[in-house]
Amino acid sequence: MPATRIIKISAENPDVQKIKEASEVLCSGGLVAFPTETVYGLGADALNTEAVQKIFKAKGRPSDNPLIVHIASLENIHQFAASVSEKGLQLAKRFWPGPLTLVFRKKENVPYEVTAGLETVALRIPDHSVTLELLRQFGGGIAGPSANVSGKPSPTSAEHVYNDLNGRIDLIIDAGPAKIGVESTVLDVTVDPPIVLRIGGLSREDIEKEISKVNLTDRSELLRRSPGTRHRHYATKAQVVLIPLADIKKFEECIKQYKEQRKKIGAITYSAILGSVDVPKFHVFLDSSIEHIARNLFGAMRELDRQNLDVILIESVEEKGLGAAVMDRLRKAAAHVG
Ligand code: TXA
Ligand code: MG
């Protein structure tokens, strides 16, 4: 495939003509990376089996990991979902467009590849002016995982997508950095109470304000309902080591230990107290608001990983609200060794 084209489209004032180009690529079975409020997605026509297969190939994605179908409006649910529970509809009405993916029983016309053979389909209306217009012009569902090479941190800018997928996809829409920076929350609403399959941009607290209770799963139930979660995620080449929040003693101990082992160390921290520690040049210091951390974390991990480090020390965050999603990503990143 020739080099991937990039078109810049302003999120404030989307150019309808440019979006038409992207829609045409989708109509002819091509791959388009699109912006969302969470992370960039890699899109194909959800009802075109061959196009969907190209997504798996471009990302190197394991075939047992199903894709989210992005839709333009509530009415489109019924093109893909066979049945919609009351709570599912209530949440869709309350939080769409937004960082919530809802898992419903699927309709028969949804290709096997999209759902990885499951009986369910994941749907979401993303909150991004450009992609909403793209969805309207395209007129169908856009199957789209995050637009990264499988296993890497999700892309929060068009540049991240380009670095991972140049030459493997047709087009990237560059609409600037993603607002939220972590992926959507995935909620299975085929059961009552609904089950959180992935905590993300919408917090459990916010969901529970709307419908009284949601459940978390144990690992075996999670693997049955969402088999793709078994695979490596958010892995950097460097080993990620988590440091407790504002724990300067632990931070300094780790730096000393890895220095003695002659490791090349980097760090991502937020607390003022850790900002004062002398880390060998590769230190990304983020503002301590959880929104800022979520928005910049994957970018910081990618930036440090380009320095060919051995270890990246990352400070933990408080596990509430958006912090739960951040800690989930950090734990998964730290589970990867080497
Ligand atoms: O914010 C997001 O969700 C981004 C943007 C592009 O929308 N997309 C994204 O897609 O993160 P992906 O493929 O990287 O993650 C989708 C998650 C995976 O954990 C997948 O296993 C799960 O959703 N999933 C998709 N379809 C499912 C289904 N039918 N049942 C259970 N889990 C499903
Ligand atoms: Mg992903």
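The values are calculated or read from the model by the stated rules, or taken from the named source; none is laboratory data. Keep in mind the model is a prediction, meaning the values are calculated, not measured. Cβ coordinates were reconstructed from backbone atoms using ideal geometry, including for glycine residues, and neighbour counts include every protein chain displayed. SASA here: full protein model, heavy atoms, side chains in, ligands and nucleic acids out. Shrake-Rupley method; radii C 1.70, N 1.55, O 1.52, S 1.80 Å.
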*Working carefully through the options SER129, SER154, SER150, find the one that is surrounded by fewer than 20 Cβ atoms within 10 Å (Cβ to Cβ) and within 25 Å of ARG331 (Cβ to Cβ).*
SER150
*Could we say that SER63 is open to solvent by 30 Å² or more (accessible area, probe 1.4 Å) and modelled with pLDDT of 95 or more here?*
no
_Any pair with Cβ under 7 angstrom, 6 or more apart, that starts in the range 142-153 at a residue that is within 17 Å of HIS128 (Cβ to Cβ) and ends at one that is in a loop (DSSP other than H, G, I, E, B) and near ligand 2 (Cβ under 9 Å from one of its atoms)_ = PRO145/ARG61; SER146/VAL39; SER146/SER154; SER146/GLU183
_Given (1) in a helix (DSSP H, G or I); (2) more than 23 Å from HIS128 (Cα to Cα); (3) in contact with a strand residue (DSSP E or B) (Cβ under 8 Å, 6 or more places away or on another chain); (4) not acidic (Asp, Glu), index of the condition VAL110 fails_ = (1)
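For every residue, the table says whether it meets (1) open to solvent by less than 60 Å² (accessible area, probe 1.4 Å); (2) closer than 30 Å to LYS209 by Cα.
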position	(1), (2)
ALA238	yes, no
ALA246	yes, no
LEU274	yes, no
ASP278	no, no
ILE290	yes, yes
GLU318	no, yes
LEU330	yes, yes
*Would you check which residues across the range 68-105 are more than 14 Å from THR36 (Cβ to Cβ), touching a helix residue (DSSP H, G or I) at 6+ places or on another chain (Cβ under 7 Å) and assigned to a loop (DSSP other than H, G, I, E, B) and list them?*
VAL84
*Can you spot a residue in the range 116-129 that is modelled with pLDDT of 95 or more, of a type in the set (Val, Ile, Thr) and more than 9 Å from ligand 1 (Cβ to nearest atom)?*
yes
*Take the range 158-183 and flag every residue that is charged (D, E, K, R), open to solvent by 50 Å² or more (accessible area, probe 1.4 Å) and either part of a helix (DSSP H, G or I) or within 15 Å of ligand 1 (Cβ to nearest atom) (or both).*
GLU159, LYS179
*State which residue pairs qualify: first residue on the phi > 0 side of the Ramachandran plot and inside the range 205-218, second residue β-branched (Val, Ile, Thr) and modelled with pLDDT of 90 or more in any location, beta carbons under 7 Å apart, and separation of 6 or more residues or different chains.*
none
*Would you check if GLN17 is within 30 Å of ASP192 (Cα to Cα), away from ligand 2 (no atom under 16 Å from the Cβ) and either at pLDDT below 95 or assigned by TED's automatic domain parsing to the domain that holds THR120 (or both)?*
no
*Go through (1) away from ligand 1 (no atom under 15 Å from the Cβ); (2) out of contact with any Lys or Arg (no Cβ under 9 Å at 6 or more places or on another chain) and name the single condition THR4 misses.*
(2)
*asked:* When you check VAL186 against the structure, is it within 16 Å of ligand 2 (Cβ to nearest atom), assigned to a strand (DSSP E or B), β-branched (Val, Ile, Thr) and closer than 17 Å to GLY88 by Cα, yes or no?
replied: yes
*Provide a single number: the residues in the range 67-96 that are touching a Pro at 6+ places or on another chain (Cβ under 8 Å) and either within 11 Å of ligand 1 (Cβ to nearest atom) or of a type in the set (Val, Ile, Thr) (or both).*
3
_Here is a check on your reading of the model: is GLY228 in contact with a Ser or Thr (Cβ under 6 Å, 6 or more places away or on another chain) and either within 16 Å of ligand 2 (Cβ to nearest atom) or over 24 Å from VAL114 (Cα atoms) (or both)?_
no
_With the requirement that a residue be more than 24 Å from the chain's Cα centre (by Cα) and in contact (Cβ under 8 Å) with a residue 60 or more places away in the chain, what does the range 63-78 give you?_
none
